[in-house]
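Read the structure below first, then the notes.
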Amino acid sequence: MRARLPIGVFDSGLGGLTVARQIRRLLPEEDILYLGDTARVPYGARSVRTIVRYSRNCARKLVERGVKMLVVACNTVSAVALDDLRAELDLPVLGVIEPGASAAVAASRTHRIGVLATAGTIASGAYPRAVASRSTRAEVVGRAAPLLVPLVEEGWVEGEVPTLAAERYVSPLAAHDVDVVVLGCTHYPVLRPTLEAVVARVLGAAARVVDSGEATATELAAFLAARAMQHPRTGSGVMGEMKMMVTDRPQSFAEVASRFLGHPVDEVELVDL
Ligand code: DGL
């Protein structure tokens, strides 16, 4: 019965849709219940205490509604609150940092991994820890890239300004022989074409970009299969549903989400946490 429940996905706002989109691409027959805490976004520069409190509220709301597991799409929450959520909740909780770290270690030849993320994620040391538990040789060079979130929120993802911002954050990685750059924030995959072009120019054509959301969807698929938790309609070709909840401005969320997911999103529920 539990396998029939949706996968709960939450983020500080709309950025987590990059993760939801990857889950949908890989597991189209699953139902997804998405929660974006749009009233309190951004989380990236807040204290650990506040982020833990906010993420507990988000997780509780999804659990109340009935989900079979939780995917914490937000890197900042995954960096500082995952252990608390796992200890408190009676269901599997998957974050984005561990899958991102695994994919980065697998992709790097120089064993130097660059991570772009919010100030909170970089300060937490979560990526270096996750990489160190997977490889004794690999090292992480982390850079907070605070300007990229507002650029994505503005929809300003191509052209001179995003390219200059990306160059500013990627250039210091060149001195460290980095050959893999992890997009360690929900919003950055929206800038992927720009970031990829800059990474190729600054770090060389062999350098790779790793999207932690994509790596998470791959790990989620393996997780569900290993535990017989896939939706019973898996293999039938019948698409699952995606429902969305936000804590503020459902209409503007619906507009951005439609653009983002490439199909109309008409119902976004306003909830209180
Ligand atoms: N969702 C956040 C993350 O992935 C970015 C936006 C925010 O700061 O809340 O780190």
| message | Taking the solvent-accessible surface of protein heavy atoms with a 1.4 Å probe, what is the per residue accessible area of region 144-251 in Å²? | response | 48
| message | Let me make sure I get this right: for region 147-273, a, b and c are the square roots of the gyration tensor eigenvalues over alpha carbons, sorted descending. Under 1.5 in a/c it's rounded, otherwise prolate if a/b > b/c, else oblate. Which is it? | response | oblate
| message | Could you work out what % of the accessible surface of the chain is carbon and sulfur, using a 1.4 angstrom probe and leaving DNA, RNA and ligands out of the count? | response | 51
| query | Which ³J(HN,Hα) values in Hz, rounded to whole numbers, follow from the phi angles of region 27-42 under the Karplus curve 6.51 cos²θ - 1.76 cosθ + 1.60, where θ = phi - 60° and Gly and Pro get x? | reply | 10, x, 8, 7, 8, 10, 10, 9, 10, x, 8, 5, 6, 10, 5, x
| remark: Note on region 35-122: alpha-carbon gyration tensor, axes a ≥ b ≥ c; rule is a/c under 1.5 for rounded, else prolate if a/b larger than b/c, else oblate; result oblate
| field | Amide H partners (placed H, <5 Å) of Gly142, local residues excluded | value | Val115
| Is the shape of region 111-213 best called rounded, prolate or oblate, per the rule: a/c under 1.5 gives rounded, else a/b larger than b/c gives prolate, else oblate, with a ≥ b ≥ c the square roots of the Cα gyration tensor eigenvalues? | oblate
| message | Please compute the length gained on full extension between Arg233 and Arg192, using 0.36 nm multiplied by the number of residues separating them and subtracting their Cα-Cα distance. | response | 11.5 nm
| field | Given 16 as the ceiling on other Cβ atoms within 10 Å, longest exposed-site-free region of the chain for GluC sites (Glu not before Pro) in DSSP loops | value | 30-157
| note | Any trypsin sites (Lys or Arg not before Pro) in region 131-203 that lie in a DSSP loop and have at most 16 other Cβ atoms within 10 Å would be Arg134, Arg137
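The values are calculated or read from the model by the stated rules, or taken from the named source; none is laboratory data. Nothing here was measured: the structure is a model prediction, and the numbers come from that model. Glycine also receives a Cβ, built like all others from the backbone with ideal geometry; neighbour counts cover every protein chain displayed. Ligands, DNA and RNA are excluded from the accessible area calculation, which covers all protein heavy atoms including side chains. Shrake-Rupley method; radii C 1.70, N 1.55, O 1.52, S 1.80 Å.
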